[in-house]
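Novice: I am attaching a structure below and will ask some questions about it afterwards.
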Amino acid sequence: MDTIDRAIIAALRVDARQSNVDLAERVGLTPAPCLRRVRRLEDEGVITGYRAMIDPALDGRGFEVLVNVDLVAKDRDAFLAFEEQVSAFEEVVELWRMFGLPDYVMRVATRDLEAYESFVVDRLSRATGLAKIDSHLPMRKIK
């Protein structure tokens with residue numbers, strides 16, 4: 001990957017919907033070689049997809065909580081069972097297995113505090129192998 005590939009990636013991070021002509025102009029190429037580079041970056045797995053960024057508040061999921069989770073058992077089967085179960089929860093936006101403690105950090109998005117409480121009490125607390133849940137309510141998203 002060279003400086004032009006990195007420029008293409010940086011430009012697509014800002015606006016993945018820009019036309020190939022605009023992208024080529026931004027990175028100093030003509031459209032055909034720019035498109036070939038983008039396709040190569042896709043084929044090589046550098047670019048893994050394109051997504052829409054949705055405003056969580058307008059999507060009914062404006063209440064976000066960072067949740068630390070520890071499991072009772074620390075073996076492979078316990079991790080895989082927990083991950084499979086929790087990954088299926090619509091409220092879980094991100095799930096990270098950590099080195100050390102906590103075992104997991106997840107970002108959960110719900111409509112409001114009441115919906116989050118219901119999620120924790122009725123669903124998350126019943127997850128296989130759960131030892132501890134710590135909820136952290138962000139004050140404000142900075143970046």
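The values are calculated or read from the model by the stated rules, or taken from the named source; none is laboratory data. Bear in mind the structure is a predicted one, so any value in this text is a computation, not a measurement. Here Cβ is always computed from backbone atoms with ideal geometry, including for glycine, and neighbour counts include all displayed protein chains.
Novice: Could you list, in sequence order, all residues of segment 69-124 that are free of Cβ contacts under 8 Å to residues at least 40 places away in the same chain, assigned to a strand (DSSP E or B) and of a type in the set (A, V, I, L, M, F, W, C)?
Specialist: Matches in segment 69-124: V92, V93, L95, W96, V105.
Novice: What's the total number of residues in segment 16-67 that are in contact with a strand residue (DSSP E or B) (Cβ under 9 Å, 6 or more places away or on another chain) and of a type outside the set (A, V, I, L, M)?
Specialist: Qualifying residue count for the region: 7.
Novice: From the list A52, A78, A57, exactly one residue is surrounded by 11 or more Cβ atoms within 10 Å (Cβ to Cβ), over 18 Å from H136 (Cα atoms) and not assigned by TED's automatic domain parsing to the domain that holds R123. Which is it?
Specialist: Residue meeting the stated conditions: A57.
Novice: Just checking, which of A73, A109, A88 is small (G, A, S) and within 15 Å of L130 (Cα to Cα)?
Specialist: Only one candidate passes the filter, namely A73.
Novice: Identify the single condition in (1) of a type outside the set (A, V, I, L, M); (2) modelled with pLDDT of 95 or more; (3) not in a strand (DSSP E or B) that T128 does not satisfy, given that it satisfies every other one.
Specialist: All conditions pass for T128, except number (2).
Novice: Same structure, new question: Kindly evaluate L29 against the criterion of being surrounded by 13 or more Cβ atoms within 10 Å (Cβ to Cβ) and in a loop (DSSP other than H, G, I, E, B).
Specialist: yes
Novice: Determine which member of the set E83, E94 is in the same structural domain as A127 (by TED's automatic domain parsing), closer than 18 Å to A131 by Cβ, under 16 Å from the mean Cα position of the chain (by Cα) and among the acidic types (D, E). Full working, then the answer.
Specialist: On the way: E94 fails: closer than 18 Å to A131 by Cβ.
The conditions single out E83.
Quick grid of which residues meet (1) loosely packed, with under 11 Cβ neighbours inside 10 Å; (2) touching a Leu at 6+ places or on another chain (Cβ under 7 Å):
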| residue | (1), (2) |
| --- | --- |
| V65 | no, yes |
| D70 | no, yes |
| A73 | no, no |
| F82 | no, yes |
| F99 | yes, no |
| A109 | no, no |
| Y116 | no, no |
| V120 | no, no |
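Novice: Does T128 fit the bill of being surrounded by 10 or more Cβ atoms within 10 Å (Cβ to Cβ), under 20 Å from G60 (Cβ atoms) and hydroxyl-bearing (S, T, Y)?
Specialist: Details: surrounded by 10 or more Cβ atoms within 10 Å (Cβ to Cβ): yes; under 20 Å from G60 (Cβ atoms): no; hydroxyl-bearing (S, T, Y): yes.
So T128 fails the test.
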